[in-house]
């Protein structure tokens, strides 16, 4: 039923209307995490044919130099730096698709695991408790941030260096360990934001100027610290579009949820889905 619903929405004309009217003079930023190459190919081809795919550097250059924004500008992002992202490299190079991948500095290049990939724990509940309580619950399940596993969740150092050499991939920061920043102490927030930048620059020789708030959770404290750490921009998970005057430390994004359904991807990347959800929640 879900697939049928998204197909109906796609061919209702609403995504086309949103794209040609609401998105025409805006910058749309999309969130993905671990999309498969087969789903990515369908999505990339659609976006390439219907939007102007740009990088964050192009967006910043447009703002700094007061240039005219390309119509229907679209920026693609991948959060966390999952090992599956490496499988997208040939496709990104072949189709000339710019994408920004946000890495967790303490997990990238290791055999460590992401705490939020754990079938034995209620992850949604962990996002709402204090950071101290989250760590306590995880420790009780046998998980510790420093534990090395036989398998890995994140990109390896070799993969990162290979992707770094691509002119279409930009690697940026997503904290050290992906905590919920708004649930952390001031000292931990500062450590996660400031030192993730330093570690990524030192370990992989990257030029780090961008930051994505884990799970999109942020407040005034977090935006202030990203500025202090020397980042040029920061991404939220707040649904919506961006302009040439949007706060660079509160940039909005739309989630396409790593879907295998091209109809769902088209609907969600147009912004239709987000507006329908907000409308339903009002009633």
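Derivation of every value follows stated rules applied to the coordinates shown; laboratory data play no part. The model shown is predicted, which means the values in this text are computed figures rather than measured ones. Backbone-built Cβ (ideal geometry, glycine too); neighbour counts: all protein chains shown.
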| remark: Helix 186-204 sits off the longest principal axis of the Cα atoms of the chain, rounded to the nearest 10 on a 0 to 90 degree scale, by 80
| message | Using a 10 Å cut-off around each Cβ, can you sort 174, 82, 33 from fewest to most neighbouring Cβ atoms? | response | 33, 82, 174
| request: Fewest Cβ neighbours within 10 Å first, please rank 277, 68, 197, 203 accordingly. | output: 68, 277, 203, 197
| remark: Dividing the mean separation of Cα pairs under 8 Å (6+ apart) by the residue count of the range 2-281 yields a relative contact order in percent of 25
| Cα long-axis angle, helix 131-140 against the chain (0 to 90 degrees, to the nearest 10) | 70
| query | 222 nm [θ] for the chain, helices only, -39500 (n - 2.57) per DSSP H run of 4+, per residue, to 500? | reply | -11500 deg cm²/dmol
| said: If I stretch the segment between residue 16 and residue 277 completely, what's the gain in nm (0.36 nm per residue apart, minus their alpha carbon distance), one decimal? | reply: 92.1 nm
| note | Expected sort for 266-275, 176-185 on mean C-beta neighbours within 10 Å, highest first, is 266-275, 176-185
| said: Of the candidates 97, 64, 137, which one comes out as most mobile in a Gaussian network treatment of the chain with C-alpha springs shorter than 10 Å? | reply: 64
| remark: So for R0 = 22 Å, FRET eff. of residue 198-residue 146 from the Cβ-Cβ r, to 0.05, ends up at 0.75
| If you count the DSSP beta bridges with both ends in the chain, what percent of them are antiparallel, to the nearest 5? | 5
| Distance from the range 43-66 to the range 188-213 (C-alpha centre basis), Å | 24
| task | Can you tell me the 0 to 90 degree angle between the C-alpha axis of helix 272-281 and the longest principal axis of the chain, rounded to 10? | result | 70
